[in-house]
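Asker: The following block contains the structure, expressed as structure tokens.
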Amino acid sequence: MFSGKTEELIRRLNRARLAKQKLEIFKPALDTRYHELDVVSHDENAIRSTPVQFANDILLLAGTSDVIGIDEAQFFDEDLPEICNQLAKQGKRVIIAGLDMDFEGKPFGPMPDLLAIAEFVTKVHAICMQCGALASYSYRLTPDKDKVMLGEKTEYEARCRSCFVEGVADEA
């Protein structure tokens, strides 16, 4: 959260577009925070995408693309790793952005399996809103306990491990 994941995804996809590679970009249909169709970063950079309900939809819509971009991968179903493997076996480059942990600090959705099968992993970090250290945790500021809750700066803040653990302890 607020680490630049989507910004980096957009940057990599724009480089592929400059290289005249055919792109298809997907995001979960439930993510309508900034735009119904576009993948949009917190810095308001955007790239056109296709919202899909299920990971299998990606396989059906990938077509003859060279590069497949997937944003907010943590919100997809457990079929996503297998879909990505199938795309890679077809010779497509798959670039994924997503949170590896939920607001409880636990592995999130299909991300652990995606991390395990990826040839390359770039983990980006935010800045802890409490102490300024590197942050890799999303601390939920609201009492809502639903696993999936779309939010921004009023619902979440980036925290380092120490400040995350301290905040969770304060709640107990």
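Asker: In this structure, does Asp100 turn out to be of a type outside the set (Ser, Thr, Tyr) and either outside the structural domain of Ile70 (by TED's automatic domain parsing) or farther than 15 Å from Lys5 by Cα (or both)?
Answerer: No: the conditions fail for Asp100.
Asker: Is it fair to say Ser49 is more than 17 Å from Ala29 (Cβ to Cβ), touching a strand residue (DSSP E or B) at 6+ places or on another chain (Cβ under 7 Å) and surrounded by 15 or more Cβ atoms within 10 Å (Cβ to Cβ)?
Answerer: Against the criterion (more than 17 Å from Ala29 (Cβ to Cβ), touching a strand residue (DSSP E or B) at 6+ places or on another chain (Cβ under 7 Å) and surrounded by 15 or more Cβ atoms within 10 Å (Cβ to Cβ)), Ser49 does not qualify.
Asker: Pick out the one residue from Lys106, Lys145, Lys89 that is assigned by TED's automatic domain parsing to the domain that holds Val39, within 24 Å of Ala158 (Cα to Cα) and exposed (fewer than 15 other Cβ atoms within 10 Å of the Cβ).
Answerer: Lys106
Asker: Return only the number of the condition from (1) more than 14 Å from Glu24 (Cβ to Cβ); (2) under 16 Å from the mean Cα position of the chain (by Cα); (3) surrounded by 13 or more Cβ atoms within 10 Å (Cβ to Cβ); (4) modelled with pLDDT of 95 or more that Val94 does not satisfy.
Answerer: The failed condition is (1).
Asker: Could we say that Leu87 is in contact with a helix residue (DSSP H, G or I) (Cβ under 6 Å, 6 or more places away or on another chain) and under 29 Å from Glu24 (Cβ atoms) here?
Answerer: So Leu87 fails the test.
The values are calculated or read from the model by the stated rules, or taken from the named source; none is laboratory data. Just so we're clear, the structure is a prediction, and the values are computed from it rather than from any experiment. As a convention, Cβ positions derive from the backbone with ideal geometry for all residues, glycine included, and neighbour counts pool all protein chains shown.
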